[in-house]
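These notes are about the structure you will find just below.
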Amino acid sequence: MHRVLLTAVVLTWLLPSAQGSDSPVRFQVQPMAAPKPALRYVLLPEVRELHPGNPAQWYVRCFAEQRNFFFSKEGVTERERYRALPLAQLRSQHLDDYGGNALRQADWAARLDALDWQVGQRLRTDGLDVQLPEVQPLRILGMALQARFRARIAAGHFDSAIDNAKTMFGLARHLGQYPALAGNQIGLSIANQAVDSLDEMVQQPGCPNLYWALTDLPRHVVELRQGVQGDRTQADVELARIHDDAPMSAEELEQVVSRLSGRMGFAREQAGLPPRSVRAGLEARVHNADQVRAACRRLASAECTDDASAPQAAYQFLELSMKYNKFPPMQVILLDEKRAYQARRDQTMKLLGLEAWQIDNMLAREKRSADKGLFDGFGPDLLQMKWAQARLEQRLALLRHVEALRLYAAGHHGKLPRQLADMELPLPSDPFTGKPFRYHLDGATAYLDGGSPRGDGNQPTYNIHYEITIR
Amino acid sequence: MRRWFCCCAVLAVLALPIRADEANETVIQVTVSPMRAPKPALRYTLLPELKEMNPGNPIPNYLKILVDQEQSSQTESFSPAALRLADWAARLDSPDWEILPKLKTDGVGLLIPDVQKLRSLATGFQERFRSEVAQGRVEDGLRTAKSMFALARHLRTHPTLIGGLVGIAIAFVTIDPLEQLIQQPNCPNLYWALTNLPRPFISLDKGMEGERLLIQSEFKELDYHTPMTPAQIAKLVRHIDLLLAMENRPHSTTRQWLDKHTQDKAQVQAARARLVDFGLAEEQVARFPADQVILLDDVRGYETYRDDFMKLMNLPDWELDRLAVQIKRPKEPPLFDAFVPAILKVRHAQGRLEQRIALLRHVEALRLYAADHAGKLPAKLADVPVPLPHDPFTGKPFRYRLAGETAHLYGTPPRGEEKNAGYNIHYEITIRK
């Protein structure tokens with residue numbers, strides 16, 4: 001599937017995912033002490049389970065000769081049914097080995113040790129034209145795994161259900177290494193599906209306590225670093241067509257504009273945005289001599305290497321201005337847009353290594369222009385991606401709280417703590433606030449609330465309320 | 001698809017004749033134009049050259065294309081973009097099927113659906129190739145031929161014989177439109193391109209090694225050093241039952257088979273003696289229970305019988321055929337007899353491909369000759385000034401005769417396939433006026 005289309009489609013999946021609703025998520029759980037040894041259960045494949053090999057190859061191998069299972073109308077309907085059926089009804093379906101060999105190959109894949117998605121080189125040569133045909137089907141693989149996960153939970157086979165969870169988290173984590181955000185997004189989606197099912201599992205009688213298993217997960221189950229850098233590479237390959245070392249011919253410029261119009265138009269269409277004529281916008285600026293002169297000045301200024309106060313700085317600026325004055329106006333405007341886009345992109349990218357709440361605080365202090373440049377449609381909104389990642393982490397952190405409450409109840413005759421501090425267990429902070437989750441006990445029900453990024457407080461997706469009672 | 005069924009299916013497809021007439025031969029009529037060799041001679045090649053290659057593993061990239069096709073289409077056709085991606089994959093330098101660890105654990109139960117699916121990618125390529133030929137786009141056609149031949153050769157690196165067989169099938173799928181291509185008036189002469197292809201085109205070495213490993217994996221529980229407990233033997237017996245069931249063998253109870261053989265004390269004694277001859281320590285073998293002795297002896301018998309075939313694998317076809325008929329099947333076939341790969345059939349499939357490529361090289365040599373002799377064909381092959389390959393099934397020059405303005409070129413079938421039209425290839429070559 002084409003990258004731009006894929007990105008647009010996946011972003012729409014991520015937002016309405018499972019637990020996004022104003023209504024509280026209710027948990028009825030059983031007190032349960034920690035397993036012995038404490039890490040008897042973990043949620044990612046361990047080194048001792050790993051084999052040599054490339055998981056990416058085995059994930060795509062799952063689909064060979066499995067068109068009916070994965071893609072036929074009957075297969076899709078059945079899978080959606082198994083994902084939605086109440087566990088009590090699912091129990092009677094006997095689906096412990098749902099998916100058979102197709103999904104057993106995914107189990108094998110998730111336990112291989114040398115990931116290589118084999119797309120890096122094409123990203124560096126094909127730019128936005130790169131085809132990523134495997135990404136979309138992997139989401140379907142995730143859904144099939146979730147159906148099997150639920151079937152195993154329904155059957156009360158917790159050990160094999162946890163094996164299934166390991167496969168899902170393993171796949172999600174591998175997708176976090178995909179060098180395009182479209183792949184990372186699918187990874188987040190699959191990890192969220194796994195958490196949906198874990199939420200169900202911990203409510204089943206006899207389910208082992210997963211507090212330490214959740215604590216053992218890496219901080220970011222799904223990374224975004226590779227994807228961000230991959231998308232950046234693709235955009236740069238595309239923008240490298242706008243030369244900054246010599247004047248371009250009218251024919252070359254026409255090729256660039258025509259290509260950009262096509263790519264940007266397609267991207268806007270797929271994102272559900274109204275059409276915008278790139279060519280018309282460019283033409284208007286090209287015919288405005290003041291704007292072209294200003295663009296020349298910005299380009300020269302951005303390229304100046306000398307300290308502006310140094311005596312030779314003025315000379316360098318003049319020399320660079322003369323260079324850009326020789327360029328056709330269309331080239332100057334395109335180069336100026338490129339410069340502005342790269343600057344804006346890095347302004348956001350530099351924040352991605354921070355915690356979500358730190359980014360939120362910084363954005364609140366900074367005043368960012370709402371203006372969108374010509375190339376801002378390249379790739380998904382980085383901040384939305386970061387919020388999606390933090391939201392997954394928030395859900396895992398909340399589930400860890402639920403398991404901590406089960407631990408506490410097991411040691412306190414089934415009672416819940418009055419405050420989180422009573423639990424004497426390390427508990428994660430809310431990724432959106434950097435502070436402990438809000439908690440209060442009302443009668444026999446504990447209430448846990450997740451925070452939201454600034455400005456998104458009214459979005460149900462980011463307002464998670466858990467209500468926990470002990471069975 | 002399980003590899004045994006897959007193997008049978010591919011062998012069946014490979015055995016199909018192309019156009020068979022009543023005389024049990026496959027007649028291929030070609031009308032070609034005289035054409036000198038290109039300059040430089042290797043201007044055209046039929047496999048991607050190093051200068052076209054990129055680092056990477058083609059296999060996951062082929063699989064990605066198949067996934068996309070499975071998802072987006074209910075037909076077997078591929079989009080132009082998917083085939084472009086396949087062209088790119090065919091030019092990656094490090095094929096790795098990533099299957100060795102699985103081969104070691106799954107043994108003969110190994111599933112290889114990916115291998116079989118690659119045939120549909122070859123069919124997609126073939127459609128494009130035919131369309132390029134029909135439009136007279138010779139250079140594009142040759143680029144597709146390269147991709148297809150590269151795909152076929154990537155399959156030779158699969159550690160099962162079925163991988164090699166699918167590679168051979170894909171090479172055949174390529175040769176069909178290639179034959180159409182060389183009949184185009186403007187097609188360059190491919191004599192040197194064909195001469196430049198590796199021989200054998202699809203080596204079966206890796207597949208053969210894999211076959212040996214498959215059986216080893218199944219019997220890793222059979223102990224050669226210490227006496228096995230009844231529980232260990234019972235577990236192994238259950239496993240063998242499963243294996244034989246996979247082969248649809250009536251041996252549903254290995255236990256019965258063992259009981260029959262262990263009741264005969266002389267037979268057990270003879271088996272012990274063979275194991276000592278085989279190299280096991282006598283005092284060790286003496287302590288083994290009878291069940292273990294019979295099983296070990298049977299595996300030894302199986303390996304001996306299997307290696308009698310396998311040792312011939314690297315001989316030329318005509319020598320292999322001569323020696324293979326001398327191999328004596330044991331009086332009592334080993335329990336695992338069915339797991340001796342159909343080596344002769346596989347080698348014949350490989351030889352048939354070699355023969356077809358050699359015949360095509362002859363056609364191109366005739367075009368070379370005609371270009372220098374006013375469009376005439378030679379009276380005998382010895383008149384052709386370039387080296388010509390021998391028929392792999394005879395080790396001798398191909399049979400050739402000129403009748404009027406038509407040259408007749410015959411491939412000889414291997415022993416046992418004399419009545420199979422697929423192995424009786426007869427080219428009728430005429431020069432376009």
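A short reminder: the numbers here are calculations on the coordinates, not readings from a lab. All values derive from a computational prediction rather than experimental measurement. Using ideal geometry, Cβ is built from the backbone for each residue, glycine included, and neighbour counts are taken over all protein chains shown.
What the table below lists for this structure:
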item	result
Chain A: angle of helix A:135-154 to the longest principal axis, Cα-based, in degrees nearest 10	10
Descending semi-axes in Å of chain B, equivalent ellipsoid built from Cα gyration tensor	47, 26, 17
Highest-MSF residue in chain B out of B:Thr45, B:Thr144, B:Thr262 [GNM, Cα springs under 10 Å]	B:Thr262
About the Cα centre, charge dipole magnitude for chain B (Lys/Arg +1, Asp/Glu -1 at Cβ), debye	800
Computed [θ] at 222 nm, deg cm²/dmol, chain A (DSSP H ≥ 4; -39,500 (n - 2.57); rounded to nearest 500)	-17500 deg cm²/dmol
Amide H partners (placed H, <5 Å) of A:Val25, local residues excluded	A:His465, A:Tyr466, A:Glu467
For segment B:66-130 and segment B:163-195, distance of Cα centres in Å	20
Helix A:289-303 axis, angle to chain A major axis (alpha carbon atoms, nearest 10°)	70
Of the DSSP H helices in chain B, those whose Cα atoms cover at least 15 Å axially and whose Kyte score averages 1.6 or more	B:3-15, B:161-182
Long-range amide H partners of B:Asp391 with built H, under 5 Å	B:Lys396, B:Phe398
Rel. contact order, % - alpha carbon contacts under 8 angstrom, at least six apart, chain A	22
Modelled FRET efficiency - R0 56 Å, B:Lys235 with A:Gln93, Cβ distances, 0.05 increments	0.95
Sequence-distant residues sharing a close amide H with A:Leu112 (under 5 Å, placed H)	A:His51
Residue exposure sequence - A:Ser452, A:Ser261, B:Ser94 - by fewest surrounding Cβ within 10 Å	B:Ser94, A:Ser261, A:Ser452
For residues of A:127-140, the mean tally of beta carbons on other chains within 10 Å	4
J(HN,Hα) series, segment A:382-396, from Karplus relation 6.51 cos²θ - 1.76 cosθ + 1.60, nearest Hz, glycine and proline x	4, 5, 4, 5, 5, 5, 5, 5, 5, 5, 4, 5, 5, 5, 5
Over 18 Å (Cα to Cα) - which of B:Lys102/B:Lys220; B:Lys345/B:Lys396; B:Lys376/B:Lys433; B:Lys345/B:Lys419; B:Lys102/B:Lys235; A:Lys338/A:Lys372 fall in this group	B:Lys345/B:Lys396; B:Lys102/B:Lys235
Ranked list, fewest to most other Cβ atoms within 10 Å of each Cβ, for A:Val76, B:Val325	B:Val325, A:Val76
Helical mean residue ellipticity (222 nm; -39500 (n - 2.57) per DSSP H run of 4+; nearest 500) of chain B	-17000 deg cm²/dmol
Peptide A:312-324 - average C-beta neighbours from other chains (10 Å radius)	0
Spatial separation of Cα centroids for segment A:436-462 and segment B:277-355, in angstrom	71
Radius of gyration and maximum dimension Dmax of segment B:263-415, Cα, Å	25.1, 82
Inter-chain Cβ neighbour average for residues A:49-61, partner chain, 10 Å	6
Nearest-ten-degree value, helix A:329-349 long axis tilted from longest Cα axis of chain A	30
Percentage, to the nearest whole number, of Cα pairs in segment A:244-379 over 19 Å apart	61
Packing rank of A:170-179, A:112-121, where each peptide gets the mean count of other beta carbons within 10 Å, highest leading	A:170-179, A:112-121
Gyration tensor (alpha-carbon) shape descriptor, segment B:54-118, a/c threshold 1.5	oblate
Volume of the Cα convex hull of segment A:407-471, divided per residue and given in Å³	93
Gain in span if fully extended, B:Lys328 to B:Arg212, counting 0.36 nm per residue against the direct Cα distance	39.7 nm
Fluctuation leader among B:Leu315, B:Leu377, B:Leu92 - chain B, Gaussian network, Cα springs under 10 angstrom	B:Leu315
Highest average packing first - B:46-55, A:400-409, B:115-124, Cβ atoms within 10 Å	A:400-409, B:115-124, B:46-55
Principal axis dimensions, chain A - Cα atoms, whole angstrom, descending	80, 53, 41
Sequence-distant lysines (8 or more away, or on other chains) whose Cα lies within less than 18 Å of B:Lys146	B:Lys51
Qualifying GluC sites (Glu not before Pro) for segment A:52-123 [loop in DSSP, other Cβ within 10 Å: at most 12]	none
Ordering of B:295-308, B:156-169, B:27-40 by packing [mean C-beta count within 10 Å, highest first]	B:156-169, B:295-308, B:27-40
Column: log10 I(q)/I(0), Debye, Cα scatterers of the protein assembly as shown, q = 0.05, 0.09 Å⁻¹	-0.41, -1.08
